[in-house]
Amino acid sequence: MRLRPPSPGPNVFSAGAGIDVVEFVVTFSRKQIIARLLLIGLAGMAAFAIVQILKAETPLMISIGLLLCALAPMTFVLFPPRTDQKQHPVIISALIGLGCVMIMIGIQRFGASHQPMLGLAVAVLVIWMIFQKTIWRA
């Protein structure tokens, strides 16, 4: 994130009575925008999973699997490792896969009405792989 200082032209406005209002323009890179969108989506999915845990009609195995799928990459994006090498963090992919497996076992055990949860978990896995390819290792 970069803050651009205001130019003396159209970015400085007079509010009257000798008060000048200064407008700062914030610019983000493409990587920062994509990372923030990913975080917003994962936070929404984690909130949805927590709501499903609190609901009695959703099996706990499926809800916890979805929560695991959302929290693993969200934790990585919020707290990236402090290393120069941009290697693939296999543990994050493994945790997302474990969440998908938990949901699949829950679908087999509790019925196919919970298939959309698996679709959300697989979407997280696909988005995580795209994030790895385009943002993390780029």
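The values are calculated or read from the model by the stated rules, or taken from the named source; none is laboratory data. Keep in mind that this is a model prediction, so the values were computed, not measured. For neighbour counting, all protein chains shown are included, and Cβ atoms are generated from backbone atoms with ideal geometry for every residue, glycine included.
One table, with the values for the structure above:
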| item | result |
| --- | --- |
| Test: Val126 is out of contact with any Cys (no Cβ under 9 Å at 6 or more places or on another chain), closer than 16 Å to Ile34 by Cα, part of a helix (DSSP H, G or I) and β-branched (Val, Ile, Thr) | yes |
| Among residues of the range 47-60, those that are surrounded by 17 or more Cβ atoms within 10 Å (Cβ to Cβ) and in a helix (DSSP H, G or I), counted | 2 |
| The lone exception for Val12 - which of (1) more than 15 Å from Ile127 (Cα to Cα); (2) surrounded by 10 or more Cβ atoms within 10 Å (Cβ to Cβ); (3) aliphatic (A, V, I, L, M); (4) modelled with pLDDT of 60 or more it fails | (4) |
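A quick yes/no check of all residues on (1) acidic (Asp, Glu); (2) under 23 Å from Ile40 (Cα atoms); (3) touching a helix residue (DSSP H, G or I) at 6+ places or on another chain (Cβ under 9 Å):
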{"position": "Met61", "(1), (2), (3)": "no, no, yes"}
{"position": "Val77", "(1), (2), (3)": "no, yes, yes"}
{"position": "Arg82", "(1), (2), (3)": "no, yes, no"}
{"position": "Leu120", "(1), (2), (3)": "no, yes, yes"}
{"position": "Trp128", "(1), (2), (3)": "no, yes, yes"}
